[in-house]
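Note sheet for the following structure.
The values are calculated or read from the model by the stated rules, or taken from the named source; none is laboratory data. Since we're looking at a predicted model, the values are computed, not measured. Here Cβ is always computed from backbone atoms with ideal geometry, including for glycine, and neighbour counts include all displayed protein chains.
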Amino acid sequence: MSRAGDLVRTGLRGVGQLLLTVGFVLLLFVVYELYVTDILAGQAQDELSDELRDEWDGAGSGATPAPITPEVGEAFAFLHVPGLGPGWNRAVVEGTSQDELAQGPGHYVGTALPGQQGNFAVAGHRVGRGSPFLDLDQLRPGDPIIVETADAWYVYRVLGDPATGDFAGGPVPGQQIVAPSDVSVISPTPLAAPEVPPSGAYLTLTTCHPKYSARQRLIVHAVLEGGPVPRADAPDGPPALQEG
Amino acid sequence: MYTWIWRHLPGGTGSKAFCALLLVLAVSALLLFVVFPRVEHLLPFTDVTVDQ
C-alpha cells in the first residue's frame, strides 16, 4: 500500500472515532437530563421536606396564620396536587432561577403568597429534575391544588366548568398555552396588566410545553376556595386532599 | 486516539478490555456529575418560567 493510502485510512478512522465519541456524549446527556437530574432533584426535595417539617415542628402554630417572608432559595410551603398522582406533594422554594428549580417548584418572587389576594405563581420542570409538572396538562377544571404552609392549608380549584371540562368561561381560563414572553399570566389578576389590582386570590402554575421542548409554556390557573383551614382544625389536611 | 490508548493499556486482551471499561466509566461519571451540571444552564431545554 502507498503512503498516501495509509494517511487517508488514518484520517478516516479518526473521523469515525470522533463521530462515535460525539454520539456517545450526546446519548449520555439525554440520560443525564432524563434520569440523573431526577435522582439529584429527589435528594434535594427530600432534604427540603425534612428541613421544612423540622422547622414547622419547632414553631408553635397560632390561631391566626403568621405572615411568611421566604428568602430566595428557602422552602416555605408544600404543594399537594392529588390530580398529579396519589400523595403527590413537593416543597416549594422561593425563586425561579435554575438553582431553585433544580430542587423543586419555585415561587415567582414578588407574586402573592399562599392565601393572599393576587396571584401565587409557581414554576416547575416538566421533564427532568423529578419532572414535578409532567402531567400538568391532565388537570381538569375543579381539581384541587392544595398549599400547605406552617400553620394553614389553602384549597385552590382549577378554573373552568367541572361539568363540561371546559377551561374557558370565566375571565381567567383554567388552562392555556402561551409564548414564553407572556408574563401577564402571573399578573396579580391573571391576563391583566401587571399594575391592575388583584381581583381575587389566584394560583398559577407554569411549565414548559410541549414535553421535551421549551417553545411554549403550559399555564394552569386556579382560584382560592374559601379561607385558610388552620392546621389546628385539620392536622391531616382538608378533605380536598383525598380527592382525585 | 483510541488505537493509541489501546496500545498503551497494560497486559493482554482481557486486562486491556477491563482497563478500557474503567476508562469509559470514569469519563462517563465525569461528564454526568461535573461537566453536564455546569453547561446545561447554557442550553434552553430547561426553561419553564415566563419572563421578558
_Hits in segment A:35-54 (condition: surrounded by fewer than 16 Cβ atoms within 10 Å (Cβ to Cβ) and either over 15 Å from A:LEU101 (Cα atoms) or of a type in the set (Phe, Trp, Tyr) (or both))_ = A:TYR35, A:ASP50, A:GLU51, A:ARG53, A:ASP54
*asked:* Condition first: under 21 Å from A:PRO114 (Cβ atoms), in a helix (DSSP H, G or I) and free of Cβ contacts under 8 Å to residues at least 12 places away in the same chain. Now tell me which residues in segment A:184-195 satisfy that.
replied: none
*When segment A:130-152 is examined, which residues are found to be farther than 26 Å from B:HIS41 by Cβ, touching a helix residue (DSSP H, G or I) at 6+ places or on another chain (Cβ under 7 Å) and buried (at least 22 other Cβ atoms within 10 Å of the Cβ)?*
A:LEU139, A:ASP143, A:PRO144, A:ILE146
_Among the residues of segment A:104-122, what is the count of those that are in contact with an Asp or Glu (Cβ under 9 Å, 6 or more places away or on another chain) and buried (at least 24 other Cβ atoms within 10 Å of the Cβ)?_
3
*Pick from chain B, criterion among the charged types (D, E, K, R) and either modelled with pLDDT of 90 or more or surrounded by fewer than 12 Cβ atoms within 10 Å (Cβ to Cβ) (or both), ranking: nearest to A:VAL109 (Cα to Cα)*: B:ARG38
*Could you tell me which of the residues A:PRO144, A:PRO132, A:PRO180 is modelled with pLDDT of 90 or more, more than 11 Å from chain B (Cβ to nearest Cβ) and touching a strand residue (DSSP E or B) at 6+ places or on another chain (Cβ under 9 Å)?*
A:PRO144
*If a residue has to be in contact with a Gly (Cβ under 8 Å, 6 or more places away or on another chain) and of a type in the set (Gly, Ala, Ser) to count, how many in segment A:215-230 make the cut?*
2
*How many of the residues in segment B:5-52 are touching a Gly at 6+ places or on another chain (Cβ under 7 Å) and more than 14 Å from every other protein chain (Cβ to nearest Cβ)?*
0
*Of the residues that make up segment A:151-172, is at least one without any contact (Cβ under 8 Å) to a residue 60 or more places away in the chain, within 14 Å of chain B (Cβ to nearest Cβ) and farther than 30 Å from A:VAL30 by Cα?*
no
*Between residues in segment A:67-91 that are under 16 Å from A:GLY42 (Cβ atoms) and free of Cβ contacts under 8 Å to residues at least 40 places away in the same chain and residues that are assigned to a strand (DSSP E or B) and aliphatic (A, V, I, L, M), which pairs lie under 6 Å by C-beta distance while being six or more apart or on different chains?*
A:ALA75/A:ALA91; A:ALA75/A:VAL93
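Of the residues that make up segment A:185-200, is at least one touching a Pro at 6+ places or on another chain (Cβ under 7 Å) and within 12 Å of another protein chain (Cβ to nearest Cβ)? If you could, list the steps in order and put the result at the bottom.
Taking segment A:185-200 first, the residues touching a Pro at 6+ places or on another chain (Cβ under 7 Å) are A:187-189, A:196-198.
Among the residues that remain, those that are also within 12 Å of another protein chain (Cβ to nearest Cβ) are: A:187.
Yes, segment A:185-200 contains at least one residue that is touching a Pro at 6+ places or on another chain (Cβ under 7 Å) and within 12 Å of another protein chain (Cβ to nearest Cβ).
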*Hey, among the residues in segment A:58-107 that are in contact with a helix residue (DSSP H, G or I) (Cβ under 6 Å, 6 or more places away or on another chain) and among the polar types (S, T, N, Q), which one's modelled with the highest pLDDT?*
A:GLN103
*Would you mind telling me which numbered condition in (1) surrounded by fewer than 18 Cβ atoms within 10 Å (Cβ to Cβ); (2) β-branched (Val, Ile, Thr); (3) within 29 Å of A:VAL36 (Cβ to Cβ) A:VAL127 fails?*
(1)
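Across segment A:11-31, what is the total count of residues that are touching a helix residue (DSSP H, G or I) at 6+ places or on another chain (Cβ under 9 Å) and either outside any helix (DSSP H, G or I) or aliphatic (A, V, I, L, M) (or both)?
In the first step, residues of segment A:11-31 are kept if they are touching a helix residue (DSSP H, G or I) at 6+ places or on another chain (Cβ under 9 Å); the result is A:13, A:17, A:20-21, A:24-25, A:28-29, A:31.
Next cut, either outside any helix (DSSP H, G or I) or aliphatic (A, V, I, L, M) (or both) only: A:20, A:25, A:28, A:31.
Matching residues across segment A:11-31 total 4.
Of A:LEU34, A:LEU40, A:LEU52, A:LEU113, which residue is closer than 25 Å to A:TYR202 by Cα and not in a loop (DSSP other than H, G, I, E, B)?
Numbers: A:LEU34 fails: closer than 25 Å to A:TYR202 by Cα; A:LEU40 fails: closer than 25 Å to A:TYR202 by Cα; A:LEU113 fails: not in a loop (DSSP other than H, G, I, E, B).
When all the criteria are applied, what remains is A:LEU52.
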*Kindly provide the set of residues from segment A:151-165 that are in a loop (DSSP other than H, G, I, E, B) and touching a Lys or Arg at 6+ places or on another chain (Cβ under 8 Å), ordered by number.*
A:ASP151, A:GLY160, A:PRO162, A:GLY165
